[in-house]
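The structure appears right after this line, and notes come after that.
The values are calculated or read from the model by the stated rules, or taken from the named source; none is laboratory data. Just so you know, these numbers come straight off a predicted model, no measurement behind them. Cβ atoms come from the backbone with ideal geometry, glycine included; neighbour counts cover every protein chain shown. To get the accessible areas, we keep the full protein, side chains included, count just its heavy atoms, and leave off ligands, DNA and RNA. Shrake-Rupley method; radii C 1.70, N 1.55, O 1.52, S 1.80 Å.
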Amino acid sequence: MADNPHPPDPHDPGRFGEWRPMPPHEVAHLFAALAAPWWIAGGWAIDLFLGTSTRAHEDIDVQVARRDQAAVRALLRGWDVQEAGHPTTPPNDWPFREWRPNATLSPDIHDVWCRPTAGAPWALQLMVAELTGTDWVFRRDSRIRRPITTLGLGTADGIPYLAPEIQLLYKAKAPRPKDEADFSNALPFLDSARRQWLADALLLAHPDHPWLARLGAETGH
């Protein structure tokens, strides 16, 4: 399956069902029982880093490790949990398949939609990350990696979230207006080490990316 940076769109009104995303503190309460690392991701990760709400969030992403998938699926026992991004054939445009308890995710599934029951609004998305040994590995370019211990930060009240430079790297492939806004909002607050890491990663994954100039990176062009 091709790598789609935005599968499927949760903001297409009514197409795949209503969204009522859990706020970060409710996600933290739910995931407190998970004996494995997890992080708030997406636009919420940027706002948690900034310590303020910069825009509306129509959904909420939670990054988990593929190797911890059994524990994650057990945590969501009783929920309606759907693998996203499966090919569809018109008129059937439902790009989901149930992630059954005790089933193993296909390696090409990176996005899972979750809601308490099949009739309830969607509550959160799982973003499935690749961890190898003690490292996180960027699935779009395996040259980009870093220690798992540096993958995230935490709020004052203990909510873990993805480090902003990593979240911005995920957003860089095909940035939407909200991704551009997240980059602009976060950029003034990235210290030199975070700016350098993001610039180095972009030079590998997207060497012509317009964000590089704003990061002050030397692109060689």
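Data table
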item: At 1.002 mPa s and 20 °C, Stokes D of region 123-212 from Kirkwood alpha-carbon radius, µm² per second; result: 153
item: Charge dipole (debye, nearest 20) of region 50-104; +1 at Cβ of Lys and Arg, -1 at Cβ of Asp and Glu; result: 280
item: The chain - percent of accessible surface contributed by carbon and sulfur, probe 1.4 Å; result: 54
item: Rounded Å value of the spacing that divides the Cα centres of region 76-128 and region 154-204; result: 27
item: At R0 = 25 Å, FRET efficiency that the Cβ-Cβ distance of SER106 and GLU58 yields, to 0.05; result: 0.40
item: Separation of the ALA181 and ARG214 label points, Cα + 7 Å toward Cβ, nm; result: 1.3
item: For the chain, the Rg and Dmax computed from alpha carbons only, in angstrom; result: 17.2, 53
item: Dipole axis of the chain (+1 Lys, Arg; -1 Asp, Glu on Cβ), positive-most option in GLY42, VAL128, ALA118; result: VAL128
item: Positive-end residue, the chain charge dipole about Cα centroid, Cβ charges, pick of THR52, PRO21, ALA65; result: ALA65
item: Computed E for ARG15/ARG97 - FRET, C-beta separation, R0 30 angstrom, nearest 0.05; result: 0.95
item: Heavy-atom surface of the chain, accessible at 1.4 Å and reported per residue (Å²); result: 48
item: Magnitude of the charge dipole, the chain, Cβ model with Lys/Arg +1 and Asp/Glu -1, debye to 20; result: 340
item: FRET E, pair GLN196, LEU153, Förster distance 25 Å, beta-carbon r, rounded to 0.05; result: 0.90
